[in-house]
1. Sequence-distant or interchain residues sharing an amide H contact under 5 Å with L34, placed H: which?
2. Quick one: order K104, K99 from most to least accessible surface, probe 1.4 Å.
3. Ignoring ligands, DNA and RNA, please state the percent of accessible area on region 33-108 from carbon and sulfur, probe 1.4 Å.
4. Would you kindly derive the ³J(HN,Hα) couplings of region 58-67 from the backbone phi angles with the Karplus curve 6.51 cos²θ - 1.76 cosθ + 1.60 (θ = phi - 60°), listing them in order in whole Hz, with x for Gly and Pro?
5. Modelling each spin label as a point 7 Å along the Cα-to-Cβ direction, I'd like the A82/T62 distance in nm, to one decimal.
6. Near the amide H of R105, under 5 Å away, which other amide H atoms are found, from residues 5 or more places off or on another chain, if H is placed in the peptide plane?
7. Can you give the charge dipole size of region 33-108 about its Cα centre, rounded to the nearest 20 debye, using +1 on the beta carbon of Lys and Arg and -1 on the beta carbon of Asp and Glu?
8. Suppose the chain between E108 and Q28 were pulled fully straight at 0.36 nm per residue; how much longer would it get relative to their current alpha carbon spacing?
Amino acid sequence: MKTNKFFFGLAALILAFGLVFITSAFIQKDPTYLAYQYTGDDESGVMSTANWTPITYNPTPTECDAEGELVCVVQFEDVQFANIASFLSNYSNAKEVNKSSFAKRHKEAVNH
């Protein structure tokens, strides 16, 4: 009899934890907006994470020089990419990054 009570209690506990886990899995958290600014002067360093600095997200970023074709600011949600390394891993070269829909601001390259 005591064994049955123990197993019923254990089953109830497992069921309770399962319900908590299942309901929390469907709660959607708000995305975090990430923004990075390219600190290099030409396309040669675009694919290197060392040349990107995290900045405060701004829906209309203005932190760059005169508009050009070299990427300056990229912005995305953390559900799209975890960080700049994750973002860059989806592109083969700087030209693709420059044309990306996540490139929100561009600047003139020094070698123009």
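The values are calculated or read from the model by the stated rules, or taken from the named source; none is laboratory data. Just so we're clear, the structure is a prediction, and the values are computed from it rather than from any experiment. Methodologically, a virtual Cβ is constructed for each residue, glycine included, from the backbone with ideal geometry; neighbour enumeration extends over all protein chains shown. The accessibility values were calculated without ligands, DNA or RNA, using every heavy atom of the protein model including side chains. Shrake-Rupley method; radii C 1.70, N 1.55, O 1.52, S 1.80 Å.
1. So L34 has HN proximity to F76, E77, D78.
2. On the way: K104 105, K99 170 Å².
Output order, biggest surface exposure first: K99, K104.
3. Solvent-exposed carbon and sulfur of region 33-108 make up 46 percent of the total.
4. Those phi angles translate into 9, x, 10, x, 9, 7, 10, 6, 4, 4 Hz.
5. Rounded to a tenth, the inter-label distance reads 3.6 nm.
6. C72, V73
7. Working: 5 positive and 11 negative charges, 40 e Å.
About 200 debye.
8. Working: separation 80, 0.36 × 80 = 28.80 nm, distance 3.96 nm.
Full extension from E108 to Q28 adds 24.8 nm.
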